[in-house]
1. I'm told A:GLU134 meets every condition in (1) within 11 Å of chain B (Cβ to nearest Cβ); (2) touching a residue at least 24 places away in the same chain (Cβ under 8 Å); (3) not basic (Lys, Arg) except one. Can you identify the failing condition by its number?
2. Within region B:82-106, can you find the residues that are surrounded by 22 or more Cβ atoms within 10 Å (Cβ to Cβ), in contact with a helix residue (DSSP H, G or I) (Cβ under 8 Å, 6 or more places away or on another chain) and more than 18 Å from A:THR110 (Cα to Cα)?
3. In region A:113-129, which residue that is out of contact with any Phe, Trp or Tyr (no Cβ under 8 Å at 6 or more places or on another chain) and closer than 20 Å to A:ALA50 by Cα is surrounded by the most Cβ atoms within 10 Å (Cβ to Cβ)?
4. So how many residues does region B:20-36 have that are within 14 Å of another protein chain (Cβ to nearest Cβ) and out of contact with any Leu (no Cβ under 9 Å at 6 or more places or on another chain)?
5. Here are some residues: B:ALA146, B:ALA50. Which one is farther than 21 Å from A:PHE100 by Cβ, free of Cβ contacts under 8 Å to residues at least 60 places away in the same chain and surrounded by 22 or more Cβ atoms within 10 Å (Cβ to Cβ)?
6. Can you name every residue in region A:98-108 that is within 8 Å of chain B (Cβ to nearest Cβ) and closer than 12 Å to A:TYR35 by Cα?
7. Mind checking which helices (runs of 4 or more DSSP H) fall wholly inside region B:124-190 and carry at least 1 residues that are at pLDDT 95 or above?
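The values are calculated or read from the model by the stated rules, or taken from the named source; none is laboratory data. Computed from a predicted model, the values in this text were never measured in an experiment. Note: ideal-geometry Cβ built from the backbone for every residue, glycine included; neighbour counts use all protein chains shown.
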Number of protein chains: 2
Amino acid sequence: MTKAVVLLSGGMDSATALAVAKAEGCDCYALSVDYGQRHKYELTAAKMVAEDLGVIEHKIIALDLSNFGGSALTDQSLSIPVEETIGIPITYVPARNTIFFSLALAWSETIEAESIYSGINAIDYSGYPDCRPEYIAALQDLFDLATKKTVEGHKIHLETPLIDLTKTEIISLGRAKGVDFSKTVSCYQTDEDGRSCGICDSCRLRIKAFKDLQIEDTIEYIKRNSIIK
Amino acid sequence: MTKAVVLLSGGMDSATALAVAKAEGCDCYALSVDYGQRHKYELTAAKMVAEDLGVIEHKIIALDLSNFGGSALTDQSLSIPVEETIGIPITYVPARNTIFFSLALAWSETIEAESIYSGINAIDYSGYPDCRPEYIAALQDLFDLATKKTVEGHKIHLETPLIDLTKTEIISLGRAKGVDFSKTVSCYQTDEDGRSCGICDSCRLRIKAFKDLQIEDTIEYIKRNSIIK
């Protein structure tokens, strides 16, 4: 068995990435970040997913990115958009993926993991710059130079098995690999009971994908966006 | 005036990088990380340096890297080497620079800074992989793809003005730019009063450089390494 660090947000994509890593024979170490996100319930979801899929260890690291601000996900004074936005939306968190991957790199090095799995994808996503294949390629080039392990010849592979998949393909893959999507959450503004708003960008993508697949999404919504066809 | 985020550890190199950024006309935003380092006194030094050199703001971000371990700087059960070691020493902190640069990237983006200054150098250093010019080049390539700002055409420049300088050259440059080195600290294992051990790798490099320059180093040492010629 090889070891993999898996970035786990509690959403559908990272849960599927974890299931893929397991299916590929990895001992999985799940990493979540308590970064001051307004949808903190995702950490509860991440715990359930990690337990359900049987990770070796699940770390939740505290790093308050609201120190830097600049995102509706970490700044409660900014509203979450409920309609599609042009360009990169305000839910983009500055440098978040770069920071999270760097943390995963640190853990990978100390436990001698050979890979880092992430559920990022560049198809049904919100247009974030740090979800693109060219970003991942540059990150791999950096990681090949960045650590003692890599200098000693032990490569740490970035694995993004969902990067070219649509949301419906991700759900299908996740189901095939044993993900229980009722334990995941996608909403950017879950309420204190973990209920999803049903109207944010992330809810919209989720609801549409389940509808397209004609599969029931059993998580609880406050309301469902009427613009979803 | 352009804005710059400056990674500030409290040591000689980052203090000099800050002074250079100021001399180059930047409004400086200093960033330090409380990462569980055993030489936590360096954060006190960083505060003094930031105040002395007149930054616009100094943030100290909490991120406990002892969660990951793997370094004598974050794991008190490992000893700090007092003799030169072959290869990359145990004071190397996995992915530390990659994490710190990522945090600087986040702040740079939110305040619209045009540059990130770091005091890393590849001459009189401890052989860390994430201090080499090729690492910085790869990091710049990544940063050019990583953020909303860069996608919109606003480059964030990595500035490493000390990368090719020896320790004596750094001290000379810092003095010319107004650094008060008595406010800096270099030791990996300062005691609770902020006194330097005088025998670790980092103390050795510092003591030798001051000696070579025939300048008095006025910080307090517990003892000075007798192997310094």
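1. Just one mismatch for A:GLU134, condition (2).
2. Correct list: B:PHE101, B:SER102, B:LEU103, B:LEU105, B:ALA106.
3. A:TYR117
4. 1
5. On inspection, the qualifying residue turns out to be B:ALA50.
6. Passing the criteria: only A:ILE99.
7. Result: B:133-146, B:167-176.
Let's see how each residue does on (1) within 12 Å of another protein chain (Cβ to nearest Cβ); (2) in a strand (DSSP E or B); (3) in contact with a Ser or Thr (Cβ under 9 Å, 6 or more places away or on another chain); (4) free of Cβ contacts under 8 Å to residues at least 24 places away in the same chain:
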residue	(1), (2), (3), (4)
A:ARG38	no, no, yes, no
A:ALA45	no, no, yes, no
A:ILE60	yes, yes, yes, no
A:ALA72	no, no, yes, no
A:SER79	no, no, no, yes
A:ILE88	yes, no, yes, no
A:PRO94	yes, no, yes, no
